[in-house]
């Protein structure tokens with residue numbers, strides 16, 4: 001399995017890069033090879049990203065001074081999801 | 001940046017004010033142009049050079065609602081005298097109103113399309129906001145498994161390009177006979193808007209303290225009573241803002257209406273541009289139709305101004 | 001759906017009268033989710049099926065399974081490829097324009113001004129209008145002979161919308177007009193959230209205007225600007241109404257218009273479903289990125 005640290009550091013960003021690269025490949029007007037395979041690149045990135053967001057974030061050092069309100073999005077995010 | 005006390009600062013501020021006013025005027029000029037075209041006599045609408053100052057006339061709006069034919073002979077003065085003021089405007093322009101066998105004036109398709117737009121936008125807004133509010137309450141107050149995924153799914157349905165969804169929708173509607181019906185368009189717009197309503201309403205309901213309901217529960221209310229008597233009144237502003245947003249979206253929608261309707265249930269957005277292609281185009285009439293169509297949105301924008309940002313950002317930014 | 005929604009907040013057990021919380025939650029949430037599945041997921045599955053066939057909605061000919069042929073053909077079609085490139089260029093031009101005009105306006109407006117509320121409301125008007133109607137009246141403004149634009153700018157009869165080199169920019173200008181206020185609005189929200197004491201500290205340190213802008217203002221507004229830019233990028237990729245109404249110039253054809261013509265004028269239902277799926281994957285990629293940053297901004 002993908003460890004949370006590896007996910008946050010490499011796997012997540014790599015998926016986003018693949019998605020963006022796929023879009024650029026699809027729309028660039030120069031290299032036909034890239035255009036033809038762009039959809040596959042986007043699809044891999046999309047699937048990777050959706051796996052990545054479901055891996056819980058690594059435990060963070062809690063800021064003792066932080067007394068700010070805990071937002072709903074954060075609470076939800078702990079259960080894994082698109083955050 | 002905010003503290004302005006020096007002389008240079010004051011000068012800068014004055015320059016900024018001038019610039020802001022100039023930019024606002026430039027931004028509004030296209031809207032002024034279409035509005036002024038709607039009040040122009042026919043010859044001035046496409047004059048070269050363009051006419052900026054003119055005597056406004058209401059004739060385009062009379063033309064918008066009626067069907068007309070070219071006058072072949074001069075009008076009988078007696079008939080002219082007997083005609084009401086708005087018919088005289090048409091006769092002055094060298095045209096006469098079309099009448100059916102019984103002598104009744106034949107109306108153009110515009111009022112029908114406008115009413116279609118109204119029926120479809122209002123009904124779908126009511127449905128979308130009702131569904132959206134209760135779903136948002138469900139998400140806001142109860143723990144739902146896979147909540148983030150469900151909310152993402154709900155949002156993503158809103159992000160789909162309309163034409164992509166329209167291809168299968170067209171085939172499905174054709175199979176069940178929903179093409180070109182009000183009902184078909186209403187449920188489609190409801191589906192389109194409900195996702196938005198859920199996201200926006202969730203933000204508004206999250207802001208209502210849970211303690212209000214809990215106090216009501218202690219007082220012997222049921223959950224449902226608490227929802228209807230405590231939460232809904234507290235969320236009234238949010239509901240109104242969401243409703244206006246949903247209404248504007250449904251009112252402005254073009255792609256689905258273009259593909260899924262053609263006559264009976266056609267709304268104004270596909271109808272207005274379709275007038276352009278037909279032979280001799282009268283820009284004053286198109287402009288009149290456009291102005292009437294844009295008017296509700298302009299009014300709602302003013303009513304909504306404080307919630308606009310929140311709605312446009314799907315509730316991400318609150319102010 | 002029912003087995004997805006099973007856990008219950010034990011803290012809200014107080015309401016044992018009337019419907020239980022579980023019932024209420026299910027009654028409140030499930031219909032909407034089911035409704036959206038029927039109206040979004042089901043049609044998309046339906047067209048996923050068609051994307052692997054040679055189905056034509058206009059004929060009753062038997063439908064054959066053709067595997068990935070539609071996808072291969074669509075990706076090998078030079079016209080579709082060019083349309084994708086045009087669309088990307090359109091997105092770049094129009095989003096950059098919106099960003100410059102919108103952020104510039106926000107910087108101008110971010111000070112105490114008389115009638116500030118009225119001015120911002122007036123500026124917001126364009127983005128609320130129907131894109132198709134906006135496209136229509138800009139057509140009147142762009143008209144080469146009687147249009148006000150050429151006259152106001154003192155240009156000759158420039159045929160904005162039928163010139164292959166200009167049509168795309170003409171559409172982009174209209175889009176910039178419509179949507180810069182959106183970027184402005186978000187930027188203003190970001191700018192007004194910058195704590196005042198940071199500026200005061202900077203002025204005590206005698207920091208230059210440029211330094212203050214790049215080291216304090218920009219980093220603090222960046223997250224919100226990013227949201228505005230991603231959102232507009234996604235919307236610009238989907239552009240249909242404005243471009244479709246304004247110009248028929250092939251050099252300015254955007255991917256949505258191409259898809260519309262393939263599906264509803266040439267009735268190539270199979271290939272157009274394949275193209276629709278390619279666009280869908282692209283838009284889903286952007287949506288995923290957008291929601292990620294949206295939630296990040298919400299947490300702040």
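Have a look at C:198, C:185, C:259, C:225 and point out the one that is closer than 30 Å to residue C:66 by Cβ and assigned to a helix (DSSP H, G or I). Reasoning before the result, please.
Values: C:198 fails: closer than 30 Å to residue C:66 by Cβ; C:185 fails: closer than 30 Å to residue C:66 by Cβ; C:225 fails: closer than 30 Å to residue C:66 by Cβ.
On inspection, the qualifying residue turns out to be C:259.
Residues checked against (1) assigned to a loop (DSSP other than H, G, I, E, B); (2) more than 19 Å from the chain's Cα centre (by Cα); (3) within 27 Å of residue B:266 (Cα to Cα); (4) modelled with pLDDT under 95:
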position	(1), (2), (3), (4)
B:91	no, yes, no, yes
B:103	yes, yes, no, yes
B:112	no, no, yes, yes
B:118	no, no, yes, no
B:121	no, no, yes, no
B:127	no, no, yes, no
B:133	no, yes, no, no
B:138	no, yes, no, yes
B:145	yes, yes, no, yes
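Which helices (runs of 4 or more DSSP H) does the range B:181-247 wholly contain that include 1 or more residues that are in contact (Cβ under 8 Å) with a residue 60 or more places away in the chain and surrounded by 15 or more Cβ atoms within 10 Å (Cβ to Cβ)? First the steps, then the outcome.
Details: elements: B:182-206, B:210-218, B:223-226.
Correct list: B:182-206, B:210-218.
Have a look at B:197, B:216, B:191, B:175 and point out the one that is within 21 Å of the chain's Cα centre (by Cα) and more than 7 Å from every other protein chain (Cβ to nearest Cβ).
On the way: B:216 fails: within 21 Å of the chain's Cα centre (by Cα); B:191 fails: more than 7 Å from every other protein chain (Cβ to nearest Cβ); B:175 fails: within 21 Å of the chain's Cα centre (by Cα).
When all the criteria are applied, what remains is B:197.
Which numbered condition in (1) touching a residue at least 40 places away in the same chain (Cβ under 8 Å); (2) touching a strand residue (DSSP E or B) at 6+ places or on another chain (Cβ under 7 Å) is the only one that residue B:99 fails?
It fails just one condition, (1).
What are the pairs, 6+ residues apart or on separate chains, where a residue within the range B:11-35 that is more than 7 Å from every other protein chain (Cβ to nearest Cβ) and within 16 Å of residue C:109 (Cα to Cα) has its Cβ under 9 Å from a residue that is exposed (fewer than 14 other Cβ atoms within 10 Å of the Cβ) and at pLDDT 90 or above?
B:25/B:32
How about the range C:270-295: which of its residues are closer than 27 Å to residue C:186 by Cβ, at the interface with another protein chain (Cβ under 7 Å from one of its Cβ atoms) and touching a residue at least 24 places away in the same chain (Cβ under 8 Å)?
Those that are closer than 27 Å to residue C:186 by Cβ, at the interface with another protein chain (Cβ under 7 Å from one of its Cβ atoms) and touching a residue at least 24 places away in the same chain (Cβ under 8 Å): C:279, C:280, C:282, C:283, C:287, C:289, C:294.
Out of the residues in the range B:48-61 meeting the condition of being assigned to a loop (DSSP other than H, G, I, E, B) and surrounded by 13 or more Cβ atoms within 10 Å (Cβ to Cβ), tell me which one is nearest to the chain's Cα centre (by Cα). Before you say what the answer is, go through the steps one by one.
Let us first name the residues in the range B:48-61 that are assigned to a loop (DSSP other than H, G, I, E, B), namely B:48-58.
Pick out the ones that are also surrounded by 13 or more Cβ atoms within 10 Å (Cβ to Cβ) and you get B:50-51, B:54, B:57-58.
Values: B:50: 29, B:51: 29, B:54: 29, B:57: 26, B:58: 23 Å.
Looking at the filtered set, the residue picked out is B:58.
The values are calculated or read from the model by the stated rules, or taken from the named source; none is laboratory data. For clarity, every value in this text was computed on a predicted model and none was experimentally measured. Glycine gets a Cβ as well: all are built from the backbone with ideal geometry, and neighbour counts include every protein chain shown.
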